[in-house]
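Okay, structure first, notes after.
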Amino acid sequence: MYIIVGLGNPDRQYLGTRHNMGFSVIDALAEQYHIKVDTKKHKGLMGSGVIEGHKVVLVKPLTYMNLSGECVREVVDFYKVSPEELLVIYDDISLPPGQLRLRAKGSAGGHNGIKNIILHLGTDTFPRIKVGVGEKPAKMDLKDYVLGHFHGEDRIAAQEGITDACAATAFFLEHGMEQTMNRFNVKKQK
């Protein structure tokens, strides 16, 4: 069994924002694989199903981004999965919109949601998919940028990133993180 967590903020006002990229990927996976993510449990919204023959639990933490680790810890403990059976999907401002970067482990890189997960799990060794949302404009506040919506070409690129993240998730379940990184850590041509 795998736990697939998408990071974001639960209120309606955050729907479709850059910081909710993880939620957007979970929503796309849920739709593609007919998994209802509608059960409130372990400080998250959850749904169980099957992706490419593998049992999964899709999770959207309801704790807000900066406290995501509270939900993740409860889910990991309840299902008794190892950190290697956890996949976390989230936004990354250091990547162009829609660009993926997959890692088997690593630091939080300034992302408060990941920082909190590392704190609660006591390890930074868990697979993750970062989906690029683009760099913030020089004079814009970071919070305003990540809580803003995509526009124009960035919206199209972000949608492609969501589709690619779904494909990478399915591939990861079948082939593991190393092969998935080899296949999906490819720079997109403009």
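Values for this structure:
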quantity: Count of the stretch 124-141 residues which are assigned to a loop (DSSP other than H, G, I, E, B) and touching a strand residue (DSSP E or B) at 6+ places or on another chain (Cβ under 6 Å); calculated: 3
quantity: Counted residues, the stretch 44-78 - those being basic (Lys, Arg) and out of contact with any Leu (no Cβ under 6 Å at 6 or more places or on another chain); calculated: 2
quantity: Count of residues meeting criterion [closer than 27 Å to GLN99 by Cβ, hydrophobic (A, V, I, L, M, F, W, C) and outside any strand (DSSP E or B)] in the stretch 44-63; calculated: 0
quantity: Exclusive hit being open to solvent by 20 Å² or more (accessible area, probe 1.4 Å), part of a helix (DSSP H, G or I) and in contact (Cβ under 8 Å) with a residue 60 or more places away in the chain, set ASP164, ASP144; calculated: ASP164
quantity: Flag if VAL131 is among the aliphatic types (A, V, I, L, M) and buried (at least 22 other Cβ atoms within 10 Å of the Cβ); calculated: yes
quantity: Selection count, the stretch 1-43, where residues are assigned to a helix (DSSP H, G or I) and open to solvent by 50 Å² or more (accessible area, probe 1.4 Å); calculated: 5
quantity: Check on GLY69, of a type in the set (Gly, Ala, Ser), free of Cβ contacts under 8 Å to residues at least 40 places away in the same chain and not in a loop (DSSP other than H, G, I, E, B); calculated: no
quantity: Number of the exception - GLU178 against (1) open to solvent by less than 100 Å² (accessible area, probe 1.4 Å); (2) modelled with pLDDT of 95 or more; calculated: (1)
quantity: Top-ranked residue of the stretch 131-155 - restricted to ones that are hydrophobic (A, V, I, L, M, F, W, C) and under 28 Å from VAL56 (Cα atoms), ranked as nearest to the chain's Cα centre (by Cα); calculated: VAL131
quantity: Pick from the stretch 147-161, criterion in contact with a helix residue (DSSP H, G or I) (Cβ under 8 Å, 6 or more places away or on another chain) and modelled with pLDDT under 95, ranking: surrounded by the most Cβ atoms within 10 Å (Cβ to Cβ); calculated: PHE150
quantity: Cross-chain or 6+ apart pairs with Cβ under 6 Å, the stretch 37-56 first and free of Cβ contacts under 8 Å to residues at least 24 places away in the same chain, then open to solvent by less than 30 Å² (accessible area, probe 1.4 Å) and of a type in the set (Gly, Ala, Ser); calculated: VAL37/ALA30; VAL37/GLY47
quantity: The stretch 90-115, residues that are open to solvent by less than 10 Å² (accessible area, probe 1.4 Å) and in contact with a Leu (Cβ under 7 Å, 6 or more places away or on another chain); calculated: TYR90, GLY113
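The values are calculated or read from the model by the stated rules, or taken from the named source; none is laboratory data. Bear in mind the structure is a predicted one, so any value in this text is a computation, not a measurement. Here Cβ is always computed from backbone atoms with ideal geometry, including for glycine, and neighbour counts include all displayed protein chains. Protein only, heavy atoms only, side chains kept; ligands, DNA and RNA dropped before computing areas. Shrake-Rupley method; radii C 1.70, N 1.55, O 1.52, S 1.80 Å.
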